[in-house]
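Here's the structure, in structure tokens; my notes come after.
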Amino acid sequence: MTHAPASGTTELVVLLDEDGRAVGTHDKRTVHHADTPLHLAFSCYLFDADGRVLLTRRALHKATFPGVWTNSCCGHPAPGEDLEGAVRRRVRQELGVEVDDLRLLLPAFRYRAELGGVVENEMCPVFAGRVRGRVDPDPDEVGDTAWEPWQPFREAVLDGSREVSVWCHEQVQQLPADPDAAPAAPPGTLPPAAR
């Protein structure tokens with residue numbers, strides 16, 4: 001399966017103002033640095049039929065947060081791209097699977113994190129969904145995967161015994177106790193640029 005965009009393709013991220021309105025675009029390859037501008041992203045938690053969550057370890061050569069364990073998938077919508085469509089596209093590219101029952105859970109999630117002088121600064125709506133088929137990770141994006149029962153994973157993140165990305169830790173604190181069964185949030189609560 002083809003995972004990544006064609007070589008040489010410029011991927012753009014959507015820059016935001018403090019109210020979540022689009023104010024421009026920037027090349028994804030150079031947007032993350034010590035003074036990263038606020039931009040639009042998303043996170044997704046994928047579950048299997050047994051209620052286990054898929055965790056991923058970011059590839060060691062990634063520019064931001066290499067080797068860090070985190071949620072199932074993260075990414076950036078392209079300018080003008082529907083946010084749910086962007087989640088489905090990125091899951092397909094990174095993990096080689098399709099998503100069923102995709103639901104918006106944290107429409108207004110925002111975070112800022114720094115590692116090794118590189119800053120993430122994102123309005124990052126959070127989704128949950130179920131996967132169809134066998135996961136086939138793209139090694140350029142994903143170094144490792146693990147399926148874990150949600151409740152023990154959640155408890156370990158909350159008590160600090162499980163190290164995960166800053167955004168995953170903050171998201172788990174805000175997610176419902178059972179995100180796999182939680183109802184969707186209204187899309188009107190998304191940042192304006194994502195509506």
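Just so you know, all these numbers are worked out from the coordinates, no wet-lab data involved. What you are looking at is a predicted structure, and each value in this text was computed from that prediction instead of being measured. Please note: Cβ atoms are built from the backbone with ideal geometry, for glycine as well, and neighbour counts cover all protein chains shown.
So for the chain, averaging the separation of alpha carbon pairs under 8 Å that are six or more residues apart and normalising by length, what relative contact order in percent results?
Numbers: 412 pairs, mean separation 52.2, N = 195.
Computed over the chain, the figure is 27 percent.
With semi-axes √(5λ) of the Cα gyration tensor in Å as the read-out, I listed [x] 23, 19, 18; [y] 30, 16, 15; [z] 28, 23, 17; which label goes with the value calculated from this structure?
[x]
Using Cα centres only, tell me the gap between the stretch 30-44 and the stretch 135-178 in whole Å.
So the two Cα centres are separated by 20 Å.
Rounded to the nearest 0.05, what FRET efficiency do Glu163 and Asp19 give with R0 = 35 Å and r taken as the Cβ-Cβ distance? Could you check?
On the way: r = 33 Å, r/R0 = 0.95.
About 0.55, to the nearest 0.05.
How large is the dipole of the chain about the Cα centre if only Lys and Arg carry +1 and Asp and Glu carry -1, each at its Cβ, rounded to the nearest 20 debye? Could the numbers behind the result be given before it?
Working: 20 positive and 30 negative charges, 41 e Å.
Taking the Cα centre of the chain as origin, the dipole is about 200 debye.
With θ set to phi - 60°, apply the Karplus curve 6.51 cos²θ - 1.76 cosθ + 1.60 along the stretch 40-57 and write out the HN-Hα couplings as whole Hz, x wherever there is a Gly or Pro.
8, 9, 7, 10, 9, 10, 10, 10, 9, 5, 8, x, 7, 9, 8, 9, 10, 9
Evaluate E = 1/(1 + (r/R0)^6) for His33 and Lys62, where r is the Cβ-Cβ distance and R0 equals 25 Å; express this FRET efficiency to the nearest 0.05.
On the way: r = 14 Å, r/R0 = 0.58.
Efficiency for this residue pair is about 0.95.
Kirkwood hydrodynamic radius (Cα pairs, Å) of the stretch 42-125?
Numbers: mean 1/r = 0.0721 Å⁻¹.
Result for the stretch 42-125, one decimal place: 13.9 Å.
Once you have the Cα-Cα distance between Ala49 and Asp138, take 0.36 nm times their residue separation minus that, and quote the gain in nm to one decimal. Present the calculation step by step, with values, prior to reporting the outcome.
Details: separation 89, 0.36 × 89 = 32.04 nm, distance 2.26 nm.
Roughly 29.8 nm would be gained on extension.
Return the inverse of the average 1/r over all pairs of distinct C-alpha atoms in the stretch 45-93, which is the Kirkwood hydrodynamic radius, in Å to one decimal. Intermediate results must be reported in sequence, preceding the final value.
Details: mean 1/r = 0.0824 Å⁻¹.
Taking every pair of different Cα atoms in the stretch 45-93, averaging 1/r and inverting gives 12.1 Å.
Within a 10 angstrom radius of the beta carbon, how do Glu163, Glu148 rank from fewest other beta carbons to most?
Fewest-to-most Cβ neighbours within 10 Å comes out as Glu163, Glu148.
Could you line up Val31, Val97 from fewest to most neighbouring Cβ atoms inside 10 Å? Intermediate values should be presented prior to the final figure.
Values: Val31 18, Val97 23.
Ranked by crowding around the Cβ, least crowded first: Val31, Val97.
Grab the DSSP H runs of the chain that are 4 residues or longer, score each as -39,500 (n - 2.57), total them, divide by all residues and round the 222 nm result to the nearest 500 deg cm²/dmol.
Details: 4 runs with 35 residues, N = 195.
Counting only the DSSP helices, I get -5000 deg cm²/dmol.
Among Phe153, Met123, Pro137, pick out the residue whose Cα is farthest towards the positive end of the charge dipole of the stretch 118-158, where Lys and Arg carry +1 and Asp and Glu carry -1 on C-beta, about the Cα centre.
Selected residue: Phe153.
GNM on the chain, C-alpha springs below 10 Å: top fluctuator among Ser165, Ser43, Ser72?
Ser165
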